[in-house]
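Please treat every number below as a calculation from the coordinates, not as lab data. Given the structure is predicted, the values throughout are model-derived calculations rather than measurements. Here Cβ is always computed from backbone atoms with ideal geometry, including for glycine, and neighbour counts include all displayed protein chains.
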Amino acid sequence: MSVNFLINSDVYDPYILTAPSIKKPLCYTEKRIWVENYFGLEFVNKLIISPNKSLLKGDFLIDDNIEGKGQEDFEGEVLQFGRELYPTWESSLLYLDKNS
């Protein structure tokens with residue numbers, strides 16, 4: 001099971017939310033290119049760039065950090081990716097599948 005499961009799902013409506021460094025203006029373009037390379041041009045329409053992740057409305061936010069860019073004020077549930085509870089995409093997706 002991979003992140004493509006979310007993209008191709010009829011159950012989920014995933015977006016990519018990123019808060020790139022304001023000190024490195026080229027990283028905005030790099031993020032956009034990364035999304036196209038890994039998920040296709042069509043998914044670029046689901047890219048959100050914001051310095052404050054709490055502005056996103058949703059049920060879940062999967063992020064490698066749980067604070068620092070608004071994650072702590074996100075109204076839904078934050079899953080800290082790459083850590084003890086959700087070390088892989090598979091563990092994150094299994095949790096979503098059980099709790100959606």
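Yes or no: the stretch 7-19 includes at least one residue that is assigned to a helix (DSSP H, G or I) and either free of Cβ contacts under 8 Å to residues at least 24 places away in the same chain or hydroxyl-bearing (Ser, Thr, Tyr) (or both).
So in the stretch 7-19, the residues assigned to a helix (DSSP H, G or I) come out as 7.
Next cut, either free of Cβ contacts under 8 Å to residues at least 24 places away in the same chain or hydroxyl-bearing (Ser, Thr, Tyr) (or both) only: none.
No, every residue in the stretch 7-19 fails to be assigned to a helix (DSSP H, G or I) and either free of Cβ contacts under 8 Å to residues at least 24 places away in the same chain or hydroxyl-bearing (Ser, Thr, Tyr) (or both).
Which of the residues that make up the stretch 77-100 are under 16 Å from Thr18 (Cβ atoms) and either more than 11 Å from the chain's Cα centre (by Cα) or in contact (Cβ under 8 Å) with a residue 40 or more places away in the chain (or both)?
Passing the criteria: only Gly82.
Does Gly70 fit the bill of being among the small types (Gly, Ala, Ser) and within 12 Å of the chain's Cα centre (by Cα)?
Details: among the small types (Gly, Ala, Ser): yes; within 12 Å of the chain's Cα centre (by Cα): no.
When the stated conditions are applied, Gly70 does not pass them.
May I ask you to list pairs of residues, at least six apart or on different chains, whose Cβ atoms are under 8 Å apart, with the first in the stretch 21-47 being under 11 Å from Ile7 (Cβ atoms) and the second being polar (S, T, N, Q) and in a helix (DSSP H, G or I)?
Qualifying pairs under 8 Å: Phe39/Asn4.
If we scan the stretch 52-70, do we find a residue that is surrounded by 11 or more Cβ atoms within 10 Å (Cβ to Cβ), of a type in the set (S, T, N, Q), touching a Gly at 6+ places or on another chain (Cβ under 8 Å) and outside any helix (DSSP H, G or I)?
Yes: the stretch 52-70 contains one or more residues that are surrounded by 11 or more Cβ atoms within 10 Å (Cβ to Cβ), of a type in the set (S, T, N, Q), touching a Gly at 6+ places or on another chain (Cβ under 8 Å) and outside any helix (DSSP H, G or I).
Could you list, in sequence order, the residues of the stretch 17-48 that are under 14 Å from Gln71 (Cα atoms) and among the hydrophobic types (A, V, I, L, M, F, W, C)?
Answer for the stretch 17-48, where residues must be under 14 Å from Gln71 (Cα atoms) and among the hydrophobic types (A, V, I, L, M, F, W, C): Leu17, Ala19.
Under 6 Å between Cβ atoms, which residue pairs at least 6 apart in sequence (or on different chains) link something in the stretch 53-76 that is under 12 Å from Ala19 (Cα atoms) with a partner that is among the hydroxyl-bearing types (Ser, Thr, Tyr) and surrounded by fewer than 17 Cβ atoms within 10 Å (Cβ to Cβ)?
Gly70/Ser54
Within the stretch 27-51, track down each residue that is among the β-branched types (Val, Ile, Thr), in a helix (DSSP H, G or I) and in contact with a strand residue (DSSP E or B) (Cβ under 7 Å, 6 or more places away or on another chain).
Of the stretch 27-51, the ones among the β-branched types (Val, Ile, Thr) are 29, 33, 35, 44, 48-49.
When the remaining residues are screened for being in a helix (DSSP H, G or I), the result is 29, 33, 35, 44.
The one that is among the β-branched types (Val, Ile, Thr), in a helix (DSSP H, G or I) and in contact with a strand residue (DSSP E or B) (Cβ under 7 Å, 6 or more places away or on another chain): Val35.
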